[in-house]
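The values are calculated or read from the model by the stated rules, or taken from the named source; none is laboratory data. What you are looking at is a predicted structure, and each value in this text was computed from that prediction instead of being measured. Note that we place each Cβ from the backbone using ideal geometry, even for glycine, and neighbour counts take in every protein chain shown.
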Amino acid sequence: MATATTELPPAAELPRPRTLLVGTSLALAGVAMYFAAIMGIYALERQEALRSGSEWFSPGTVQVAPGVVMWFTVLLSVVTMQWAVYALARNIRVQAYLALLLTLMFGGAVINQTSFYLTDIGLGIGESTASAMLFTVVGSFLALLMVAMLAVMLTSVRALIGQYSSQRTDGVVAASMIWYLMVAVYTGLWLLIFVTK
Amino acid sequence: MLTTGFKSFAAWAVGFLVAAVVFGYTTGGSSLGPLSVGWKGAVGNHVGYAILLVAAAVMATLAGIIIAFRDADSDAAAGYLRVAEAPIGQRLTQPSFWPLVAAFAVGVTLVGLVVTPVLFVAGLVLLTISTIEWTMTAWADAATGDPEVNRALRDRIMGPIETPILGFGAVGILVLAISRILIAVSAEAAVWVAIGVAALIFFTAVAIAVRPNVPRNAIVAVCLLGGIGILAGGVIAGAVGERDFEHHEAEGEEHSESGDSQPGDTEEPQVEAETSE
Amino acid sequence: MTITEAPPETATVATDAPDPATGLYDLVTTGDHKKLGAMYIGLALAFGAALTVVGVVVGLERIDLASVDLYNAFDQFVQAWQSYAVGLVFLVVVPLLLGLATAVVPLQVGSPAIAFPRAAAAAFWGWLIGGGLLLASFIVDGGFGTPGGLADPEPTVLSIVSLAMVVISLGLASVCVATTVIGLRPAGMKLHRVPLFSWSMLVASVIWLASFGVLAANLVWLYVQFRYQYGEPIAGTAEATEVQPGMWAQIQWAFSGPQAFAWIIPVLGIAGETVPVAARLRQRSYPVLLVAIGAFGLLSFSAYAQPAFSRGGLQVTEQAVFVGQSFLLILPVLVVFGALADSLRIGARDVGAPRSWLVASVLGVLVLLVGVVLTAVRAVDDFALVGTSADSGTLHLAIGAGLLGAAGGLAFWTPKLVGRQLTPLTMVGALALAGGALAGGGPDFISGLLDQPFLAGDGYIADDGVEALNLLSMIGSVLLAVGVIAVLVDVVGASVRGRADDAADDPWGGHTLEWATSSPPPPSNFSAPVAPVRSECPLLDATESEPDDDQEES
């Protein structure tokens, strides 16, 4: 019986393991500064409103419960995101895909909860400085969440087609860094909007 | 041993932290406010304090990351990969249109924020397409060590998706452009334009069919010129606007058209009640 | 198709550099850092030529403060000044330095490419498209709010979003440059052995990223305020007037000291690179220079000091941190200046005829020193200079120092990038830039002491001598324009003429890795693997070890 042999192309060179992570960290530094400034402006405008004797939001507009539910949702996503990194680093691929999917699901849930909340409170964006600030801060957070979800989606695709494995995890780790920053931002946002009011 | 990168970022972190606390106190912070991040009192000016404090946190995080990577030194990378010599960090990539398209898409999206939501959505769609294409190209570039194989891999996966989408997109744009031309010119001229375009397409196709040896470049040039011509016509027609249409009420009466278009006064269709006096 | 989970176990081969394409296709698809850098430099200089001419017209208008003569209204004059300030920082100085870094830093750290080449390309195109939109928005009556509130609302929103696009794109380019310095170094090149220009770009990139984040937040909040909080403002109505005067105040921090000096951090690195080469010696106290540049980065960051958000009667610019930082900023510049002067003193015999790159980069540090000293004076509350024309004076000096540094860098590295040296025209340009910076910034500062407000006009009665100082400042603007145009003409001329037949790969006796490859370098930068690095001057190491080898052989 004749044996046919197929020559495989040479393997691609592995990239330096830290380059993508360094780049991601630096980009996220800029993002973190964005949120520092926008939240600082929120806190300052609120302080000025309260100092002048006017109310920031009318009573009942900002309730702790929805904020807590959303916060727990993003906290849960930290576990699944880290699970994805852990599983991929050990080549447990099915678990990694499952974890990435769950992470995306939690992200989707937060978008859903946030949009419901913003609709439910019935404020128009230009109604007052408070509502304009609320929509700016929460809208910026939603934009970050969507970027984080896009990063997770794209790395999931590249993991599915075999590029990320225990030999190369940088893409998934980079996506997880964006995700963790999103969670940190939400934690700050939760404290700023829902807790300190 | 502490690395140079760690020492630099840590020094910045300390600098920003000291500045944040001092700034908090000098702008009206209470006794414990600036030290407790506002938990036990006022922090002073919120904007400046938040920016300086987060700058300190960011620098501290970067210090932690960079020392974990041992400054991302070549030797550290080699040690991590357990090879004698670290791989080349980055090679020159294959040429790609997608960075330009992505930047253009961002521009369209932002102009859409100013002008019209339609443009905003169009920009987002273009941005999504370029992100997917960019990702797949980046994936293919690192699939094997042979650029030819990588290109073939990419085309094999993306070709079946790109071709129909591009085809539908191109046909859709051309149909839209022709439709703009047809509703901009007079009713009689629209008939002649339709016949002319159809005849042009038909006879060009016949000419190509009976002369199979026509150079490929000539066919491409003819198609490109035709496409650009129709697009340009569509854009001009869109700018001129629709001709006057007389819209009848819902009794099912036939439309009647008043003929030539008048630039400037045709942006809104006029109802019969206003024009039939 | 079979999808493998892990790459096949074969010997790895280096992915070949792509075939060099040519023409327009190459320009729009390239990820080659040298071409991207060249495009940044060319376009930034072209923007610079146009914007400095705008500066001349603004200067002419300021000569006679009693009335608005060259513009239809005072609001238009303000818009022109805003286009000049915003444009010179974000379309000229920062991209010029980033372009130089994009082209040179990968060569300096021995890398075949910049980190994330496609992201670097996207950053360039984003900057170009955003910059084009920004200029277009100014042309069609946009800007960042006018005192009379007469700017057209839609172009004003376009100005906000296009500046955001420019800032984000420059941030992305900074990430690519900083990652190249951190992550793509060859064996042995520890961070403390990185060339001073690369180090200054790392410092600058980190500080710029932090500043860009804050500026983006300001712009987003401006957008929301303008678009939603005040409804759809109509030009000339009370609604538009209510928000427009406050717009510029929210981003003004980015265009006054000390933040204005954060945009030109690499000037110190460029001088640190050129002076030891001119003096033909290793820079003494190299780690001190690294620390000084890092400290300059930290102390120039003042995105936190936003007067628009100073409330409760406490001005942030009067507080200890701002004042202290303004004074401390002098120290690192003095340290760098002292160290470089020391090198020039020791190596004076070997310096020979002054080169345009040495003159430009040293003048850049000198103008920077003048600028930071005046910034410290401006921070003293008793002088009450904040909010006066001293603000535009410090910006003028910062821009002048940045342009001088960039001119020095271009004269130094153009032979490497295109294979041909610049002509004495760049020397003329450097002298004009130095004169323009000092004549443009100094008089503004003095007229600030005479209480001329920032953007005075529309009925302002000037003290004696203020208009004469404004005339001098206008002459400074003319010199600045002449300097930029001279450098642009020389750089374009060298690029068009291409490599000279007698061009040397290392015409200056350089110390760092970029001089170890051909001029211009091949697509992958180095034709042979880079040898392990043992100090901050790898080429001097190689030269100095040669006699030892000979001795061993003998």
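Per the listing B:Ala170, B:Ala142, B:Ala187, the residue uniquely surrounded by 11 or more Cβ atoms within 10 Å (Cβ to Cβ) and in contact (Cβ under 8 Å) with a residue 60 or more places away in the chain is B:Ala187.
Might you let me know whether region C:181-188 holds any residue that is assigned to a helix (DSSP H, G or I) and at the interface with another protein chain (Cβ under 9 Å from one of its Cβ atoms)? Working first, answer last.
Initial filter on region C:181-188 (assigned to a helix (DSSP H, G or I)): C:181-183.
Remaining after also requiring at the interface with another protein chain (Cβ under 9 Å from one of its Cβ atoms): C:182-183.
Among the residues of region C:181-188, at least one is assigned to a helix (DSSP H, G or I) and at the interface with another protein chain (Cβ under 9 Å from one of its Cβ atoms), which makes the answer yes.
The residues in region A:25-65 that are acidic (Asp, Glu) and either touching a helix residue (DSSP H, G or I) at 6+ places or on another chain (Cβ under 8 Å) or in contact (Cβ under 8 Å) with a residue 40 or more places away in the chain (or both) can be counted, and the count is 2. Every condition in (1) among the hydrophobic types (A, V, I, L, M, F, W, C); (2) under 25 Å from C:Val28 (Cβ atoms); (3) within 10 Å of chain A (Cβ to nearest Cβ) holds for B:Leu110 except the one numbered (3).
Check whether at least one residue in region B:195-214 is among the small types (Gly, Ala, Ser), under 29 Å from B:Val106 (Cα atoms) and surrounded by fewer than 17 Cβ atoms within 10 Å (Cβ to Cβ), and report yes or no. Write out each step before concluding.
First, pick out the residues of region B:195-214 that are among the small types (Gly, Ala, Ser): B:196, B:198-199, B:205, B:207, B:209.
With the extra rule that they be under 29 Å from B:Val106 (Cα atoms), the set shrinks to none.
Scanning region B:195-214, I find no residue that is among the small types (Gly, Ala, Ser), under 29 Å from B:Val106 (Cα atoms) and surrounded by fewer than 17 Cβ atoms within 10 Å (Cβ to Cβ), so the answer is no.
Any idea how many residues of region C:457-473 are modelled with pLDDT of 70 or more and farther than 18 Å from C:Gly436 by Cβ? Break it down stepwise before answering.
Restricting attention to region C:457-473, the residues satisfying the condition of being modelled with pLDDT of 70 or more are C:460-473.
Narrowing further to those that are farther than 18 Å from C:Gly436 by Cβ: C:460-467.
Within region C:457-473, residues that are modelled with pLDDT of 70 or more and farther than 18 Å from C:Gly436 by Cβ number 8.
Of the residues making up region A:100-129, those that are more than 10 Å from every other protein chain (Cβ to nearest Cβ) and more than 30 Å from B:Thr135 (Cα to Cα) number 8.
Looking across region C:61-77 at every residue that is under 17 Å from C:Gly148 (Cα atoms) and either among the small types (Gly, Ala, Ser) or touching a Phe, Trp or Tyr at 6+ places or on another chain (Cβ under 7 Å) (or both), the one that is surrounded by the most Cβ atoms within 10 Å (Cβ to Cβ) is identified as C:Phe77. Would you confirm whether any residue within region C:298-305 is modelled with pLDDT of 90 or more and more than 9 Å from chain B (Cβ to nearest Cβ)? Scanning region C:298-305 turns up at least one residue that is modelled with pLDDT of 90 or more and more than 9 Å from chain B (Cβ to nearest Cβ). Residues in region C:377-433 that are surrounded by fewer than 24 Cβ atoms within 10 Å (Cβ to Cβ), charged (D, E, K, R) and within 20 Å of C:Phe327 (Cα to Cα): 2 in all. Against the criterion of being free of Cβ contacts under 8 Å to residues at least 60 places away in the same chain and either closer than 27 Å to A:Gly122 by Cβ or within 12 Å of another protein chain (Cβ to nearest Cβ) (or both), A:Val137 does not qualify. Restricting region C:150-168 to residues that are within 15 Å of C:Val86 (Cα to Cα) and among the small types (Gly, Ala, Ser) leaves a set whose member that is farthest from the other protein chains (Cβ to nearest Cβ) is C:Ser159. The sole residue among A:Leu26, A:Leu75 that is aliphatic (A, V, I, L, M) and either at positive phi or surrounded by fewer than 17 Cβ atoms within 10 Å (Cβ to Cβ) (or both) is A:Leu75. Checking B:Glu246, B:Glu162 one by one, the residue that is surrounded by 10 or more Cβ atoms within 10 Å (Cβ to Cβ), charged (D, E, K, R) and at pLDDT 85 or above is B:Glu162 and no other.
Could you pull out the residue among B:Phe97, B:Phe6, B:Phe23 that is surrounded by fewer than 24 Cβ atoms within 10 Å (Cβ to Cβ), facing another protein chain (nearest Cβ under 8 Å) and either among the aromatic types (Phe, Trp, Tyr) or in contact (Cβ under 8 Å) with a residue 24 or more places away in the chain (or both)? After applying the criteria, what remains is B:Phe97.
Can you tell me which residue among B:Ala105, B:Ala50, B:Ala57 is out of contact with any Pro (no Cβ under 9 Å at 6 or more places or on another chain), in a helix (DSSP H, G or I) and touching a residue at least 40 places away in the same chain (Cβ under 8 Å)?
Numbers: B:Ala105 fails: touching a residue at least 40 places away in the same chain (Cβ under 8 Å); B:Ala50 fails: touching a residue at least 40 places away in the same chain (Cβ under 8 Å).
The unique qualifying residue is B:Ala57.
Checking each residue in region B:70-95 for being in a loop (DSSP other than H, G, I, E, B), of a type in the set (Lys, Arg) and more than 23 Å from C:Ala119 (Cβ to Cβ) picks out only B:Arg82.
Among the residues making up region C:127-144, those that are surrounded by 24 or more Cβ atoms within 10 Å (Cβ to Cβ) and touching a Leu at 6+ places or on another chain (Cβ under 7 Å) are C:Trp127, C:Gly131, C:Leu134, C:Ser137, C:Gly142. Whenever a residue of region C:61-82 is within 23 Å of C:Ile160 (Cβ to Cβ) and among the small types (Gly, Ala, Ser), its partners that are crowded, with 22+ Cβ neighbours inside 10 Å and at pLDDT 90 or above, lying with C-beta atoms within less than 7 angstrom and at least six residues away or across chains, give the pairs C:Ala80/C:Val58.
Would a scan of region A:172-185 turn up a residue that is within 20 Å of A:Ser77 (Cβ to Cβ), within 10 Å of chain C (Cβ to nearest Cβ) and either touching a residue at least 40 places away in the same chain (Cβ under 8 Å) or outside any helix (DSSP H, G or I) (or both)?
no
Among the residues of region C:486-519, those identified as aliphatic (A, V, I, L, M) and surrounded by 16 or more Cβ atoms within 10 Å (Cβ to Cβ) are C:Ala486, C:Val487, C:Leu488, C:Val489, C:Val491, C:Ala494, C:Ala503, C:Leu513, C:Ala516. Only a single criterion out of (1) surrounded by fewer than 14 Cβ atoms within 10 Å (Cβ to Cβ); (2) within 14 Å of another protein chain (Cβ to nearest Cβ) is not satisfied by A:Tyr97, namely (1).
Answer with yes or no whether A:Ala99 is within 16 Å of the chain's Cα centre (by Cα) and within 23 Å of B:Tyr49 (Cα to Cα). For A:Ala99, the condition - within 16 Å of the chain's Cα centre (by Cα) and within 23 Å of B:Tyr49 (Cα to Cα) - is not met. Just to verify a result, which residue in region A:9-20, among those that are at the interface with chain B (Cβ under 7 Å from one of its Cβ atoms) and either closer than 14 Å to C:Val175 by Cβ or in contact with a Phe, Trp or Tyr (Cβ under 6 Å, 6 or more places away or on another chain) (or both), is surrounded by the most Cβ atoms within 10 Å (Cβ to Cβ)? Looking at residues that are at the interface with chain B (Cβ under 7 Å from one of its Cβ atoms) and either closer than 14 Å to C:Val175 by Cβ or in contact with a Phe, Trp or Tyr (Cβ under 6 Å, 6 or more places away or on another chain) (or both), I get A:Arg18.
Look through region C:492-532, keep the residues that are in a helix (DSSP H, G or I) and within 26 Å of the chain's Cα centre (by Cα), and return whichever of them is farthest from the other protein chains (Cβ to nearest Cβ). My answer is C:Gly493.
With respect to (1) over 19 Å from the mean Cα position of the chain (by Cα); (2) more than 30 Å from C:Phe526 (Cα to Cα); (3) facing chain A (nearest Cβ under 9 Å), the lone exception for C:Phe226 is condition (3).
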